[in-house]
Ligand SMILES: NC(=O)c1ccc[n+]([C@@H]2O[C@H](COP(=O)([O-])OP(=O)(O)OC[C@H]3O[C@@H](n4cnc5c(N)ncnc54)[C@H](O)[C@@H]3O)[C@@H](O)[C@H]2O)c1
């Protein structure tokens, strides 16, 4: 399969590596408005470089387009890629608004192309193991959960490019960083029914929020508390999800939510839970999420399957972020 990347900044490198590490995948083309940024891809991978996205789409040999531009440009590029019959892997957030997202999803359906959203944390071994625990109902009825992203992104991070920290093209800690964790929370807890959130811009000179605290009531009746920030001194402090059920409590955590920090479940003996903990410790990253997304897309195309993380999954995560923003603006709970 021939892949093409649009937007050759920070995250594009991970996409290129993931493509090159995947059997049957080839990085055929790259596109950026800044020609120098494409040089490494021409030299290392022999990719063809384009400054005009539509020109690249006219190349019939390209099967899949990976959208790695600032978030505010995802929708326009994805819609155009679908029109040219290209399958799409779009970075998170799928887009900045639900209207844009619906246009992407409908465009993909209309043109019969696959659409996958990059929420790579789902492929972390510890995240998959927690999903398995919940799917097997080992925790029984879940009462509540706690989702924490207390990280550091200094002013220099936001000053790297004018789009960063803006409401139109990036959003704040919820839209950019915590959306990964909100996606996991939805995966674990199901449909949200109501959200109440407060946010602030406390320490960074940006338009969007650098601190957010919110609560969710899920359709199941369970509650969640979400706490997210990029203001923590001097480095990432905690990324975690804790689920409290009638028969157990499980916390995945550490600075990057890679390990079990607590695992106590009725009927699961210490030897078994100890093995789960040590297996994850031995290989916390597993196969990188971006690589799994590339592999999954190839399989979805070859076997006509839904990608593991669909456009609808991306929409659900964005809808939750949007509800947080709406609630904070109104200073009222909002129904989903
Ligand atoms: N999944 C993850 O873990 C993860 C991590 C980081 C970033 N991201 C997402 O990836 C996206 C890009 O982030 P980044 O940090 O790589 O940004 P970046 O600023 O480093 O790179 C973006 C690139 O896109 C190019 N570009 C902008 N508009 C374009 C257009 N219309 N056509 C062609 N090129 C264009 C810019 O010149 C730039 O080189 C964002 O949506 C971000 O949220 C995801």
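Is it true that residue 52 is out of contact with any helix residue (DSSP H, G or I) (no Cβ under 9 Å at 6 or more places or on another chain) and within 15 Å of the ligand (Cβ to nearest atom)? Judged against the criteria, residue 52 is a match. Do the conditions hold for residue 57, that is, is it more than 9 Å from the ligand (Cβ to nearest atom) and surrounded by 12 or more Cβ atoms within 10 Å (Cβ to Cβ)? Considered against the rule, which asks whether it is more than 9 Å from the ligand (Cβ to nearest atom) and surrounded by 12 or more Cβ atoms within 10 Å (Cβ to Cβ), residue 57 comes out as yes. Of the candidates 214, 165, 171, the single residue that is part of a loop (DSSP other than H, G, I, E, B) and under 22 Å from residue 334 (Cα atoms) is 171. Counting only residues that are farther than 15 Å from residue 215 by Cβ and assigned to a strand (DSSP E or B), region 174-203 holds 1 of them. Among residues of region 47-67 that are in contact (Cβ under 8 Å) with a residue 24 or more places away in the chain and within 13 Å of residue 5 (Cα to Cα), those with a Cβ under 7 angstrom from a residue that is assigned to a helix (DSSP H, G or I) and more than 14 Å from the ligand (Cβ to nearest atom), sequence gap 6+ or separate chain, pair up as 64/297.
Every number in this text was worked out from the coordinates using simple rules, so none of it is lab data. As the structure is a computational prediction, the values presented were derived from the model and not from experiment. Note that we place each Cβ from the backbone using ideal geometry, even for glycine, and neighbour counts take in every protein chain shown.
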